[in-house]
Amino acid sequence: MAFVKIGENERFEGALRRFKRQCENEGLLREIKKRQFYESPSMARKRKMDELKRRKRVQISRSKRASFRRKSKYF
């Protein structure tokens with residue numbers, strides 16, 4: 001749970017900004033949006049598989065790009 005202690009001479013806007021940043025770092029809004037609607041177990045598995053495929057695709061493209069840079073004689 002995110003909470004912020006406000007100092008004596010601290011402005012409310014500064015404390016609110018720190019609170020928002022802390023909530024973002026903890027992923028509270030993302031979690032709330034995820035739990036807003038019911039997700040069946042089959043849809044959850046499908047979403048996780050799609051995320052895994054996307055991560056793999058990005059990883060492969062990054063490794064190809066890195067190997068191209070190493071092999072290139074101009075870099």
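The values are calculated or read from the model by the stated rules, or taken from the named source; none is laboratory data. Owing to the predicted nature of the structure, the values given are computational and were not obtained by experimental measurement. Note: ideal-geometry Cβ built from the backbone for every residue, glycine included; neighbour counts use all protein chains shown.
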**Complete:** In region 1-28, anything polar (S, T, N, Q) and assigned to a helix (DSSP H, G or I) is listed as GLN22, ASN25
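Tally the residues that are surrounded by 12 or more Cβ atoms within 10 Å (Cβ to Cβ) and either under 18 Å from the mean Cα position of the chain (by Cα) or touching a residue at least 40 places away in the same chain (Cβ under 8 Å) (or both), restricting the search to region 35-57.
1
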**Request:** Could you please let me know if LYS64 is over 28 Å from LYS5 (Cα atoms), surrounded by 11 or more Cβ atoms within 10 Å (Cβ to Cβ), over 14 Å from the mean Cα position of the chain (by Cα) and not assigned by TED's automatic domain parsing to the domain that holds ALA2?
**Result:** no
